Every structure is written in structure tokens, then in C-alpha cells.
Amino acid sequence: MRDNILEVKDLRVSFQTFFGEVEAVRGIDFFLERGTTLGIVGESGCGKSVTASSIVQLLPKPPVLYKGGEILFNGINLLDYSDREMEKIRGDRISMVFQDPMTSLNPTMKVGKQIVEGLLRHKKLEKSEAKQKAIDLLELVSVPQPEKRVNQYPHEFSGGMRQRVMIAIAMASDPELLIADEPTTALDVTVQAQILDLMKNIKDKMGTSIIMITHDLGVVADMADRVVVMYAGQILEQGITEDIYGSPKHPYTRKLLDSVPKLTMDRNEPLHSIDGTPPDLYIPPKGCSFFDRCEERMRICEEHMPDFTDHGNGHCSRCWLNHPQAKKVVEK
């Protein structure tokens, strides 16, 4: 039996705007096993960050509307919690690392003080103990000369070092769940690799469960135990990383993987792309949301969204091509 630290069931999140309601997340289901890493991938605007922010309820209400579903953290539905109750969870048992550390860190405060702030709030340490803990955390995330760096400001750090500080802040309270929302997007490739190695080491040392949100499939392949593929606010495929990469079942997943440059490509070979644009979620499509961009579409795809097809080993996809009846028709 799975030991799930997090279960999201039929989550529906909308934004109320001047032009109408935007259905940003449309009935998604996934789980995260304790001590593992889940990768959530997809193009910009597919609902990845909205899903992450919904878990810790960082989205303001209004304009955000939670239309339905459950977010079960250790069996407790976080959507039933008040703002005051969520303050005790957020930054303590669940922490988040954001995409751009320069806009996430306070430029007017020394980094040590920003780490100490969370320790004083959640761990109730003495100031001297909290400062020593801040130094230890900077050392944990491989910031050189932590005794000196703890008294410096964010602008005195490089981009990679600022992201290490963000991870130190997130890990200050020894959270059970760490949500990383595209933590390496603004970094160069070498620093990306260092940050990913750092996060893997933290997971192994502290047993922290991680949700990694990214559009970089290379990051997911290196980090994640399971992968969720999102598009237009829905999950189109999910499963163990090896199954998703080795045997993708949905046309969108295959297109995403094809768009990744490969070392074996000829230098003159053009990069693959996905033609078209995602649908307008003011008026979501009735059928498959990938219909307009899919080269394998059928008439039924436009009118009806299929249920998930189980491919075994927890691997499932949402495509009419994988429906048992579709296979029988093709075989004729």
C-alpha cells in the first residue's frame, strides 16, 4: 500500500476576471509518495504553477475560486483550512522555492536575517541559536564562507547562490514537502546541474518529499520518480518516469519529448516544435484540449474528452487512440 504524503483529487481552480471566468485547473488527480519526487511538466500556462500555489493557498481569494476537489496533506484537506491555520503549515511543514530568487528575496535585508525570520516564527529558537542554524543551512546548501555570507545582502550573491539561499530558507523548518516552482529556469546550465544535485542530496539526507514544476524535460528525467504531464489545466498522462520517457502514450507527451534537442541530431536538422497554441480557457473545449494541435486527431476527440486508459504500473493517459474500442477499429 502506498504511503502518500499528498493526494490531489478532482481539483478545480478558476480566476474571476473582468472578461469572465478562466478555468485554470480543470479536475486534476495525482499523488505524491513520501520521500519521492514528482515532476509536473507542460508548456507555460498549462496550470502547473496554479496547482503548486493552490497546495499552499498562496493565491488571493478573490479573484481565485476553488470550485471543487480536495488537497489531502497527510490525509487532511488543506482546502478546509482557514488562512490562519494555513500560516502554521506554510513555511513549516510545506515550503516553496520560487522561480526568480531576486524577486523572492528582500533586497533590503541581509540573507541571514531572512533565514532567521522563519526559524523564529516556526521553531521558536533564541536569536543566537537561529543565527547559528542559518549558518548551518547556508553550509548545507554549499554556500562558501557561510559565516561571512550570512551578513551579506542578496545583491552580493550570484544568481545560483541566491537560489541556494532560497532553498536554505525553504529547508529552515525541516519541511515534509518542498515545492520547487521552476527553480532553475533563470540559471545557466552549469549552475542548474549544481542546484539539482543539491536538491537530490537534501532529499536523500532529510527524506523530504519534492514536487518539481518545470517545462524542462531534462530536469524531470534527472530528478523525478514520477511524472505528471499537464495541458490546458488538465492532466493528459502520468506515470513512473521510465514509462513516460520510454513509452509515452499521449500525442502531446510524444511531441514534448520530440522537441528536446538530442546530441545525436545533425547540426543542420531543424528543431522540432508543436504547431499552434493552447486553447482559450475562458471557453474551454468540450473534447480533448489538444485537439487543434494533434496530428492524430479523430472526430470524437473534438466533442468528447476520454477517460484515463490504464497502461499498468500506475501509467495512464487520456487519449482516444488508447481506448480499447479504438484499437479494435484500427486492427480491422
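Please name which of Phe290, Ile94, Ile213 has its Cα lying farthest along the dipole of the chain towards the positive end, using unit charges on Cβ (Lys, Arg +1; Asp, Glu -1) and the Cα centre as origin.
Ile94
Relative to a virtual label point 7 Å from the Cα of Glu242 in the Cα→beta-carbon direction, which members of region 1-28 show backbone nitrogen distances below 20 Å?
Only 1-3 pass the distance filter.
How long is the gain from Arg267 to Asp197 if the chain were fully straight, where each residue apart is worth 0.36 nm and the alpha carbon distance is subtracted? Before the final figure, lay out each step's value.
Details: separation 70, 0.36 × 70 = 25.20 nm, distance 2.96 nm.
In short, 22.2 nm is gained.
Net charge within 13 Å of Lys48 by Cβ-Cβ distance, Lys/Arg positive one each and Asp/Glu negative one each, not counting Lys48 itself? Walk me through the numbers on the way to the answer.
On the way: positive: none; negative: Glu43, Asp181, Glu182, Asp216.
Spelling it out: positives minus negatives among the neighbours equals -4.
If I model a spin label at Glu33 and Asp100 as a point 7 Å from the Cα along the Cα→Cβ vector, what separation in nanometres do I get?
For Glu33 paired with Asp100, the spin-label model returns 3.7 nm.
Before I look further, what does the chain give for accessible area per residue, probe 1.4 Å, in whole square angstrom? Let's see the in-between values first.
Details: 16860 Å² over 332 residues.
For the chain, the solvent-accessible area averages 51 Å² per residue.
With the crude spin-label approximation of a point 7 Å out along Cα→Cβ, what separation in nm comes out for Lys67 versus Lys88?
Calculated label separation equals 3.2 nm.
Percent of alpha carbon pairs in region 1-109 separated by more than 20 Å?
46
With a ≥ b ≥ c the root eigenvalues of the C-alpha gyration tensor of region 282-330, is it rounded (a/c under 1.5), prolate (a/b larger than b/c) or oblate? Write down the numbers at each step before the final one.
On the way: a/c = 2.24, a/b = 1.43, b/c = 1.57.
Oblate, since a/c reaches 1.5 and b/c is not below a/b.
In degrees from 0 to 90, rounded to the nearest 10, what is the angle of the helix 189-206 Cα long axis to the longest principal axis of the chain?
80
Hey, got the dipole for region 245-330? About the Cα centre, +1 on K and R Cβ, -1 on D and E Cβ, debye to the nearest 20? Don't skip to the end; give the middle numbers.
On the way: 12 positive and 12 negative charges, 50 e Å.
It works out to roughly 240 debye.
Ignoring ligands, DNA and RNA, what percent of the accessible area of the chain is carbon or sulfur (1.4 Å)?
Looking at the chain in its full context, I get 50 percent from C and S.
In debye, nearest 20: dipole of region 90-145 around its Cα centre with unit charges on the Cβ of K, R (+) and D, E (-)?
240
Let me have the 222 nm mean residue ellipticity of the chain computed from DSSP H runs of 4+ only, each contributing -39500 (n - 2.57), with the sum over all residues rounded to the nearest 500.
For the chain, the value works out to -9500 deg cm²/dmol.
For the chain, take the longest principal axis of its alpha carbons; what is the angle in degrees between that and the long axis of helix 159-171, to the nearest 10 within 0 to 90?
80
Per 0.36 nm of contour for each residue apart, how much would the distance between Gln152 and Lys123 grow if the chain were fully extended, relative to their Cα-Cα spacing?
Taking 0.36 nm per residue and subtracting the Cα distance, the gain is 8.1 nm.
Which one of Gly45, Pro60, Ile28 is farthest out on the positive end of the charge dipole of region 1-75, using unit charges on Cβ (Lys, Arg +1; Asp, Glu -1) and the Cα centre as origin?
Sorting the options by dipole projection puts first Pro60.
Among (i) 24; (ii) 49; (iii) 31, which is the computed percent of Cα pairs over 33 Å apart?
Comparing each candidate, only (iii) matches the computed number.
Would you kindly state how much longer the chain becomes between Val189 and Ile300 on full extension, computed as 0.36 nm times their sequence separation minus their alpha carbon distance, in nm to one decimal?
That works out to 35.7 nm of additional length.
Taking the Cα centre of the chain as origin, work out the dipole magnitude from +1 charges on Lys and Arg Cβ and -1 charges on Asp and Glu Cβ, in debye rounded to 20. Can you show the working numbers first?
Working: 41 positive and 48 negative charges, 122 e Å.
That gives a dipole near 580 debye.
Ignoring ligands, DNA and RNA, how do Val143, Val22 rank by accessible area with a 1.4 Å probe, largest first?
Result, largest first: Val22, Val143.
Show me the three semi-axes of the equivalent ellipsoid for region 129-175, from the C-alpha gyration tensor (sqrt of 5 times each eigenvalue), largest first, rounded to whole Å.
16, 12, 8
Considering only Cα-Cα distances, which of the following residue pairs are longer than 19 Å: Lys9/Lys67; Lys124/Lys205; Lys88/Lys124? Provide the component values of the computation, followed by the final result.
Details: Lys9/Lys67 12 Å; Lys124/Lys205 24 Å; Lys88/Lys124 13 Å.
Table pairs above 19 Å Cα-Cα are Lys124/Lys205.
Return the distance in nm (one decimal) between the two label points of a simple spin-label model at Gln132 and Asp80, each offset 7 Å from Cα along Cα→Cβ.
My value for the distance between the label points is 4.1 nm.
The values are calculated or read from the model by the stated rules, or taken from the named source; none is laboratory data. Please read all numbers here as calculations on a predicted model, not as lab measurements. When we count neighbours, we look across all protein chains shown, and the Cβ atoms used for this are built from the backbone with ideal geometry, even at glycine. Surface areas here come from the heavy atoms of the whole protein model, side chains and all, with no ligands, DNA or RNA. Shrake-Rupley method; radii C 1.70, N 1.55, O 1.52, S 1.80 Å.
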